[in-house]
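One structure is given here, and the rest of the page talks about it.
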Amino acid sequence: MRRIPLILLLAIGAVLPGAARSAAQPADTSLRVTVTDATGAVIVGARVTVRQPGGGARESVTGDLGVAVVTGLRPAPADLGVEAPGFESAAITGRNLRAGTNRLEVRLEIAGFAVAVEVSRDARQKQLDPRGDAFTRILTADMLAQLPDDPVEFERVIQQLAGPGATIRVNGFSARLPPKGQIRQIRFSLNSYSADAHSLGTPIVDIITQPGIERWHVSLNVGFRNDPLTARYAYAPASSSEQSRRLGFTVDGPVWGDHTTLLFTLDTSSLSDTQTILASTPSGPFAGLASRPSDRSGFSVLAEHALTPSHILRAELSQTSVNLRNLGVGGMNLPERGYSSEQTTRVLRLSDSGSIGKRWFNEVRAQLAWTGTRMQSLTAQPAIMVLGAFSAGGAQIGSEREAWEVELADNLDVSRGRHAFRTGGLLQGGRYRAADQGNRLGTFTFSGLDAYRAGTPASFTRRVGDPRVDFAFYRAGWYLQDDIKAHKSLTLGVGLRHEIQSHIEGRMNLSPRVGITWAPLPNGALLVRAGAGLLYDWFDSSLYEQTLQIDGLRAYDVVITNPGFPDAQSGGLWTELPPSRYLAAPHLRLPRTLSTSVAVQHQFSPTTSLVTSYTHQRGTGLFSGRNLNAPLPDGARPDPTLGIVLRVESAGHSRLDRFDIVVSRVGMKQGQSSYLLSGYYSLSRQMTDTDGPFRPPSDSYHPAADWGPAVSDVRHRLVGMASVSLPKNFRVMTTMSFTSAAPYNITTGYDDNHDTVFNDRPAGVGRNSARGAAALDVTARAGWTWGIGKAPAKQTDIPNLRRRARDAQRDPLGAVAGAFGSQAHRYRLEFYAQASNVLNRVNPVGFRGVLTSPYYGRATASLPPRRIELGARFDY
């Protein structure tokens, strides 16, 4: 563990020499320009031209963060021109530049149809950029402000908008969603089969956070919810008692002129939600409510500093603490089954990005994270599991885990003629210490209520031994990508990625990638993208941890069949099996997925687009579990000296076929009213023969018989978002999510094949053959804003004031964008109400598939009912 911080120091050392050299030399003059649209969204691929008296023009193009750096300037007045396809150009004259790094933010208005035709050739070139805005949906900070402010609800909505299997990146790092107040923009893009991405065929969510540039900005957000604002839960005998208190604070702005900016975010919330309990006990049906309190708090400090005229250093320090209580209660689980969870995460991130010469651009990232987790049961009792009826006793959970993780990445872009090369590498590693006390008191499993009344459990299991493990883990990859401009209407991408990791035998994990993008129309309105590639999935550290913990020596499971009750070793029928163990196959390899897709984007107008895509994936060598010591047909075990021998193997298969449609439109109604519409529909079919590495099939000798729908096989998904800006500073936003029924498994409730696993199905019944119920959720937010004082004008606003007044009459599209992004007042106070499940629809979940259950084929719980939160936001 002591060696890991040294890796981070080496990465920092690679950056600091450039800063030291710049300090020792006379400061150059450069201009760092951030280009955004009227909603505040950054514009990728915008061309920035700077001219100074007595010198030629210098140009640069904005990258993924909407930033262009122009170097080689002099401390003198400069004229600036900015243009981007689909936007009106901007011109700034007489901008005084001083020695060092100068910063400027330029905002472009959406162009009308005539302007779009004039720049049609550039529009096609921009669409062919594999890292541009093609096949991308953008949520700006103004749109994000209208989404739920509760962190849990906010994350749920983003996941719905992204789609299943989405990869989330924060400023290039693999991370969870940051606090909402820290986010400037979210980009949902379709994977282009570039070798720089680990995943394929899944949506990519890029989250951009950025401190303020021109002035200090303060935002304060508060919200609350209580009993009268929450509807009654389905299947509940009485109204619930819920409370929610939330506070968010953000401040950002320049610290040292145009050199250093800062963003500070603080979020804290206290919540008490409800879980319904619906169980069948020997004394009759049990229906109740369980309160589940939780406390969340966190802060983040993000600084951005100009190391040199062309290099920007970003440093971020954050901490998040989550305290959850009374988990595990609900459904069949009675109140004594609760447990608590405490987790603290601290993250330090550093990144440096900038140009090297005229053709090279490099980005280096380093992240160090520490996570501490502790879980504890509410009661110390043996667990009692009555299949399909109720679960009582202790949760049998008790663990402590500490993880130090480091991530290093570097990406280098080189342009040479028709070729745009990109190469880089990724290293992720960690040191883990864990002690898991799970199931230390044992668990009794009954086939049903009749067996419980008779006091005849089917099995008793208990884990014994030393649960402590300490291990290191790493994984790494490198890639080479070449995007070739084969024609003015065609770009060909060819790449190769190679990945390795510890504790896996295979090393030749080569992933070839190929993609093609075609713009048949001169104006770039129609775009076709197709690609194919190979993906190797990771063997996660938590999986390896389990093979270490239950290795048959350090710790193992004791299994007793036909035990007595409540003393497992009472009576004359019980049989204790030899120790059980978990292990990884000696020739374990990374799972492989071959992914192919084709997508078509049609830009009907600057404000209306339609994207359709089809994705096909085949997975082989997926991680699956198999009991090597399952009883043979004659009842004997292959190795009588062992009990269950659960081995993780690379033997699983999967298949995915998915068709997606994404549509978006922004437009004008009347006067100052405007709207934005976005939505997607997905039709998919996902099949597999494994539910995970430690879930054995119903028949370990014929695992192919488990081929059936995956747990995540939801055939239909429909997600929509609508935002309407009304006169008098009113605004309404709604999101709608519909999913068809998810599958669940049907089991007999008995261990028919005597392998001690209760997943046996009736004859002729396939795995996950039953379906639950569809779910519909509508979330809405309505707000009214009151402004005081006139906001200070930006330098980029002054030359365009008269043009904007004229265009508001001529071009309604520009007026729409301004309605969504305008901040016309220095102080803004917003009052809002937001609600989840506005229709108060009952969305059943928890379907019981055990034939011995009195609730067989029925739902025993539902998703939360309507919840309303009231709040206020103050911005300065």
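For the subset of region 716-750 comprising residues that are over 21 Å from the mean Cα position of the chain (by Cα) and among the aromatic types (Phe, Trp, Tyr), which member is modelled with the highest pLDDT?
Tyr744
Anything in region 702-739 that is under 16 Å from Arg767 (Cα atoms) and in a loop (DSSP other than H, G, I, E, B)? List them, or say none.
His702, Trp707, Ala710, Val711, Ser712, Asp713, Val714
Sort out which residues of region 577-592 are in a strand (DSSP E or B) and closer than 26 Å to Asp639 by Cα, and write them in order of number.
Once the filter is applied, which keeps residues that are in a strand (DSSP E or B) and closer than 26 Å to Asp639 by Cα, region 577-592 yields Ser580, Arg581, Tyr582, Leu583, Ala584.
With respect to Gly288, determine if the residue is surrounded by 20 or more Cβ atoms within 10 Å (Cβ to Cβ) and either in contact with a strand residue (DSSP E or B) (Cβ under 7 Å, 6 or more places away or on another chain) or of a type in the set (Phe, Trp, Tyr) (or both). I'd like the intermediate steps shown before the answer.
Working: surrounded by 20 or more Cβ atoms within 10 Å (Cβ to Cβ): no; either in contact with a strand residue (DSSP E or B) (Cβ under 7 Å, 6 or more places away or on another chain) or of a type in the set (Phe, Trp, Tyr) (or both): yes.
Taking the combined requirement at face value, the residue does not satisfy it.
Filter region 842-862 for residues that are among the aliphatic types (A, V, I, L, M) and in contact with a strand residue (DSSP E or B) (Cβ under 6 Å, 6 or more places away or on another chain); which is surrounded by the most Cβ atoms within 10 Å (Cβ to Cβ)?
Val850
If we keep just the residues of region 608-634 that are assigned to a loop (DSSP other than H, G, I, E, B) and in contact with a Lys or Arg (Cβ under 6 Å, 6 or more places away or on another chain), which is surrounded by the fewest Cβ atoms within 10 Å (Cβ to Cβ)?
Pro631
Any idea which of Ala780, Ala742 is small (Gly, Ala, Ser) and in contact (Cβ under 8 Å) with a residue 40 or more places away in the chain?
Testing whether each residue is small (Gly, Ala, Ser) and in contact (Cβ under 8 Å) with a residue 40 or more places away in the chain leaves just Ala780.
So Arg359 passes all but one of these: (1) within 22 Å of Val152 (Cβ to Cβ); (2) surrounded by fewer than 19 Cβ atoms within 10 Å (Cβ to Cβ); (3) at pLDDT below 90. Which condition number does it fail?
(1)
Yes/no matrix, rows are residues, columns are (1) outside any loop (DSSP other than H, G, I, E, B); (2) basic (Lys, Arg):
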site: Ala195; (1), (2): no, no
site: Val218; (1), (2): yes, no
site: Tyr235; (1), (2): no, no
site: Ser241; (1), (2): no, no
site: Arg246; (1), (2): yes, yes
site: Thr261; (1), (2): yes, no
site: Ser270; (1), (2): yes, no
site: Gln275; (1), (2): yes, no
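Applying the selection to region 410-432, what residues are without any contact (Cβ under 8 Å) to a residue 60 or more places away in the chain, of a type in the set (D, E, K, R) and over 16 Å from Ser353 (Cα atoms)?
Arg416 - this is the single residue of region 410-432 that is without any contact (Cβ under 8 Å) to a residue 60 or more places away in the chain, of a type in the set (D, E, K, R) and over 16 Å from Ser353 (Cα atoms).
May I ask you to list the residues in region 741-759 that are surrounded by 17 or more Cβ atoms within 10 Å (Cβ to Cβ), out of contact with any Gly (no Cβ under 6 Å at 6 or more places or on another chain) and assigned to a loop (DSSP other than H, G, I, E, B)?
Once the filter is applied, which keeps residues that are surrounded by 17 or more Cβ atoms within 10 Å (Cβ to Cβ), out of contact with any Gly (no Cβ under 6 Å at 6 or more places or on another chain) and assigned to a loop (DSSP other than H, G, I, E, B), region 741-759 yields Thr748, Tyr750, Asp751, Asn753, Asp755, Thr756, Val757, Phe758, Asn759.
I'd like to know if region 489-499 contains one or more residues that are touching a residue at least 24 places away in the same chain (Cβ under 8 Å), out of contact with any Phe, Trp or Tyr (no Cβ under 7 Å at 6 or more places or on another chain) and charged (D, E, K, R).
Within region 489-499 (the criterion being touching a residue at least 24 places away in the same chain (Cβ under 8 Å), out of contact with any Phe, Trp or Tyr (no Cβ under 7 Å at 6 or more places or on another chain) and charged (D, E, K, R)), the answer is no, since none of the residues qualifies.
In this structure, is Arg637 over 22 Å from Ala162 (Cβ atoms), surrounded by fewer than 21 Cβ atoms within 10 Å (Cβ to Cβ) and either free of Cβ contacts under 8 Å to residues at least 24 places away in the same chain or hydroxyl-bearing (Ser, Thr, Tyr) (or both)?
yes
Taking region 640-649 on its own, how many of its residues are under 21 Å from Arg463 (Cβ atoms) and surrounded by fewer than 14 Cβ atoms within 10 Å (Cβ to Cβ)?
If we filter region 640-649 for residues that are under 21 Å from Arg463 (Cβ atoms), which is where we start, we get 641-648.
Checking the rest, the ones that are also surrounded by fewer than 14 Cβ atoms within 10 Å (Cβ to Cβ) come to 641.
Of the residues in region 640-649, 1 are under 21 Å from Arg463 (Cβ atoms) and surrounded by fewer than 14 Cβ atoms within 10 Å (Cβ to Cβ).
Could you tell me which residue of region 165-174 is farthest from the chain's Cα centre (by Cα), considering only residues that are closer than 26 Å to Ser613 by Cβ and crowded, with 18+ Cβ neighbours inside 10 Å?
Restricting to residues being closer than 26 Å to Ser613 by Cβ and crowded, with 18+ Cβ neighbours inside 10 Å, the top hit is Gly172.
Determine the pairs where a residue that is within 19 Å of Ser340 (Cα to Cα), located within region 294-310, has a partner that is among the small types (Gly, Ala, Ser) with Cβ atoms under 6 Å apart, the partner being 6 or more residues away or on another chain.
Asp295/Ser270; Arg296/Ser269; Ser297/Ser321
Which ones in region 297-328 are in contact with a Lys or Arg (Cβ under 6 Å, 6 or more places away or on another chain) and assigned to a strand (DSSP E or B)?
Glu304, Glu316, Gln319, Val322, Asn326
Check Gly417, Gly338, Gly393, Gly354 and return the single one that is buried (at least 20 other Cβ atoms within 10 Å of the Cβ) and at pLDDT below 90.
Result: Gly354 is the single residue among Gly417, Gly338, Gly393, Gly354 that is buried (at least 20 other Cβ atoms within 10 Å of the Cβ) and at pLDDT below 90.
The values are calculated or read from the model by the stated rules, or taken from the named source; none is laboratory data. Model, not experiment: these values are computed from the prediction. Backbone-built Cβ (ideal geometry, glycine too); neighbour counts: all protein chains shown.
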